[in-house]
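K.L.:
Here it is: the structure, laid out below.
The values are calculated or read from the model by the stated rules, or taken from the named source; none is laboratory data. Owing to the predicted nature of the structure, the values given are computational and were not obtained by experimental measurement. Cβ coordinates were reconstructed from backbone atoms using ideal geometry, including for glycine residues, and neighbour counts include every protein chain displayed. Accessible surface is based on the protein model in full, side chains and every heavy atom, while ligands, DNA and RNA are left aside. Shrake-Rupley method; radii C 1.70, N 1.55, O 1.52, S 1.80 Å.
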Amino acid sequence: MVQQIFPRLIVHGGAGPWIEDNHNQALDGVRAAARAGWAVLQAGGSALDAVEAATIVLEDDPLFDAGVGSFLNDQGEVEMDALITDGDQLDFGAIAAVKHVRNPIMLARRVMTNSAHRFFVAEGADLLAIEYGLERVANLSFVTDTEWRAFAARVAKDGPPEPGRGTVGAVALDAAGHIASATSTGGSPNKKKGRVGDVPIYGAGGYSDDRHGGASSTGVGENIMRHLLSKRVVDLIGAGSLADAAAQAGVDAVASRIPSPEVGVIALDASGHYGAAHTTGHMPIGWIDSSGAVHAGMTA
Ligand code: ASP
């Protein structure tokens with residue numbers, strides 16, 4: 001008898017010190033993203049289409065540090081990174097330091113499916129977006145009023161604490177048993193021009209393998225890269241852990257070597273269990289339960 005697979009989807013809006021004022025808006029954002037991804041899965045769509053759809057919603061939401069709402073770098077520019085992973089083919093597409101493509105995750109997807117390569121950066125990546133007919137916008141159009149004010153305060157070094165907006169990500173399992181992940185970010189606030197974090201690094205910002213599960217990471221990219229956090233979590237699932245234990249063990253492993261690493265991860269295993277863990281104050285997550293209902297919370 002063929003076992004029927006009930007699709008699953010989990011999204012995150014970034015691990016960080018989220019201020020209370022933003023909690024409701026963050027929860028609305030992750031719910032909207034989970035719904036968008038779920039609509040794809042319910043219609044029989046693929047995990048890749050679902051994670052892309054969910055991530056686009058979060059990139060377009062100015063609350064999150066991805067697409068519109070991205071943090072500015074130290075030169076007052078937005079430079080964005082994104083990664084999509086395909087657990088069926090063990091494949092990925094990545095872009096880094098793009099400045100003009102409206103939805104970076106759409107470009108990462110096309111790098112994987114349409115190009116002979118897997119990772120494009122900066123101007124070359126933005127040029128590729130034109131070739132693929134993706135929407136191109138002015139760099140300024142990613143910058144919200146909130147971020148201009150935060151940038152001015154950072155430059156003057158007299159601002160209130162950062163509100164903790166975050167990177168976005170999604171992991172999905174489709175009815176065919178395929179698992180995909182997507183992760184997208186504007187990076188860290190005030191990063192140096194040209195700095196790239198974990199997000200576009202396969203195995204760090206995201207990873208998926210149909211045999212085991214998938215993961216998408218968030219938080220201080222330098223610490224995530226050092227531990228290839230997403231790959232580590234999927235490997236732990238492969239070694240027999242359920243997604244929640246694997247996510248916690250992955251984050252604990254980073255914390256055992258780096259004090260206060262400020263990292264988080266969402267995970268999904270091939271049998272449909274969810275996991276989420278973080279060392280930060282909060283990490284908004286949204287997910288779909290086995291009846292198809294949408295849930296959201298500010299913490300794991
Ligand atoms: N991981 C992202 C980066 O370091 C930032 C974040 O997740 O908040 O670029």
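K.L.:
Do we have A26 as part of a loop (DSSP other than H, G, I, E, B), within 16 Å of the ligand (Cβ to nearest atom), at pLDDT 95 or above and open to solvent by less than 40 Å² (accessible area, probe 1.4 Å) here? Outline the logic, then answer.
P.N.:
Working: part of a loop (DSSP other than H, G, I, E, B): no; within 16 Å of the ligand (Cβ to nearest atom): yes; at pLDDT 95 or above: yes; open to solvent by less than 40 Å² (accessible area, probe 1.4 Å): yes.
It is false that A26 is part of a loop (DSSP other than H, G, I, E, B), within 16 Å of the ligand (Cβ to nearest atom), at pLDDT 95 or above and open to solvent by less than 40 Å² (accessible area, probe 1.4 Å).
K.L.:
Does S181 fit the bill of being under 19 Å from G14 (Cβ atoms), in a strand (DSSP E or B), open to solvent by less than 20 Å² (accessible area, probe 1.4 Å) and within 13 Å of the ligand (Cβ to nearest atom)? First the steps, then the outcome.
P.N.:
Values: under 19 Å from G14 (Cβ atoms): yes; in a strand (DSSP E or B): yes; open to solvent by less than 20 Å² (accessible area, probe 1.4 Å): yes; within 13 Å of the ligand (Cβ to nearest atom): no.
No.
K.L.:
In addition: Restricting the search to segment 213-226, which residues are surrounded by fewer than 24 Cβ atoms within 10 Å (Cβ to Cβ) and either under 18 Å from D252 (Cβ atoms) or touching a helix residue (DSSP H, G or I) at 6+ places or on another chain (Cβ under 6 Å) (or both)? Walk me through how you get there before you give the answer.
P.N.:
Restricting attention to segment 213-226, the residues satisfying the condition of being surrounded by fewer than 24 Cβ atoms within 10 Å (Cβ to Cβ) are 220, 222-223, 225-226.
Selection gives V220, N223, M225, R226.
K.L.:
Does D65 meet the test of being of a type in the set (D, E), assigned to a strand (DSSP E or B) and either open to solvent by less than 50 Å² (accessible area, probe 1.4 Å) or farther than 21 Å from N190 by Cα (or both)?
P.N.:
Numbers: of a type in the set (D, E): yes; assigned to a strand (DSSP E or B): no; either open to solvent by less than 50 Å² (accessible area, probe 1.4 Å) or farther than 21 Å from N190 by Cα (or both): yes.
No: the conditions fail for D65.
K.L.:
Among the residues of segment 244-252, is there at least one that is within 21 Å of E52 (Cα to Cα) and crowded, with 24+ Cβ neighbours inside 10 Å? Steps first, please.
P.N.:
Within segment 244-252, the subset within 21 Å of E52 (Cα to Cα) is none.
No: segment 244-252 contains no residue that is within 21 Å of E52 (Cα to Cα) and crowded, with 24+ Cβ neighbours inside 10 Å.
K.L.:
Right, here's the next one. Would you mind telling me which numbered condition in (1) touching a His at 6+ places or on another chain (Cβ under 8 Å); (2) in a helix (DSSP H, G or I) G166 fails?
P.N.:
It is condition (2) that G166 fails.
K.L.:
Which numbered condition in (1) under 22 Å from M80 (Cβ atoms); (2) surrounded by fewer than 24 Cβ atoms within 10 Å (Cβ to Cβ) is the only one that L229 fails?
P.N.:
(2)
K.L.:
If you take the residues in segment 263-298 that are over 17 Å from the mean Cα position of the chain (by Cα) and of a type in the set (S, T, N, Q), which one is modelled with the highest pLDDT?
P.N.:
Result: S271.
K.L.:
Being open to solvent by 50 Å² or more (accessible area, probe 1.4 Å) and more than 10 Å from the ligand (Cβ to nearest atom) is true for just one of L173, L127. Which residue is that? Give the steps one after another, and end with the answer.
P.N.:
Numbers: L173 fails: open to solvent by 50 Å² or more (accessible area, probe 1.4 Å).
That would be L127, the only listed residue that is open to solvent by 50 Å² or more (accessible area, probe 1.4 Å) and more than 10 Å from the ligand (Cβ to nearest atom).
K.L.:
Pull out all pairs, ordered by first then second residue, where Cβ-Cβ is under 6 Å, the residues are six or more apart or on different chains, the first lies in segment 238-250 and is under 18 Å from A15 (Cβ atoms), and the second is open to solvent by 70 Å² or more (accessible area, probe 1.4 Å).
P.N.:
Listed by first residue and then by second, the contacts come to A243/H273; G250/R232.
K.L.:
Related question: Checking G37 against (1) under 20 Å from T218 (Cβ atoms); (2) open to solvent by 20 Å² or more (accessible area, probe 1.4 Å); (3) away from the ligand (no atom under 16 Å from the Cβ): exactly one of these is not met. Which one?
P.N.:
Going through the list (1) under 20 Å from T218 (Cβ atoms); (2) open to solvent by 20 Å² or more (accessible area, probe 1.4 Å); (3) away from the ligand (no atom under 16 Å from the Cβ), G37 breaks only (2).
K.L.:
Related question: Any residue that is touching a strand residue (DSSP E or B) at 6+ places or on another chain (Cβ under 7 Å), open to solvent by 10 Å² or more (accessible area, probe 1.4 Å) and farther than 30 Å from E20 by Cα - is there at least one of those in segment 153-169?
P.N.:
no
K.L.:
Next question, about the same structure. Just for segment 214-235: of the residues that are under 16 Å from L90 (Cα atoms), in contact (Cβ under 8 Å) with a residue 40 or more places away in the chain and in a helix (DSSP H, G or I), which one is farthest from the ligand (Cβ to nearest atom)?
P.N.:
V233
K.L.:
Quick one: in segment 192-205, which of the residues that are charged (D, E, K, R) and more than 7 Å from the ligand (Cβ to nearest atom) is least open to solvent (accessible area, probe 1.4 Å)? Please lay out each step first, then the result.
P.N.:
Kept after step one, since they are charged (D, E, K, R), are these residues of segment 192-205: 192-193, 195, 198.
Subset that is more than 7 Å from the ligand (Cβ to nearest atom): 192-193, 195.
On the way: K192: 143, K193: 106, R195: 43 Å².
Among residues in segment 192-205 that are charged (D, E, K, R) and more than 7 Å from the ligand (Cβ to nearest atom), the one least open to solvent (accessible area, probe 1.4 Å) is R195.
K.L.:
Any idea how many residues of segment 58-84 are within 11 Å of the chain's Cα centre (by Cα) and either among the polar types (S, T, N, Q) or at pLDDT below 95 (or both)? Show your work before the answer.
P.N.:
Going through segment 58-84, the residues within 11 Å of the chain's Cα centre (by Cα) turn out to be 58-59, 64-66, 81-84.
Add one more test, that the residue is either among the polar types (S, T, N, Q) or at pLDDT below 95 (or both), and what stays is none.
Total meeting the criteria: 0.
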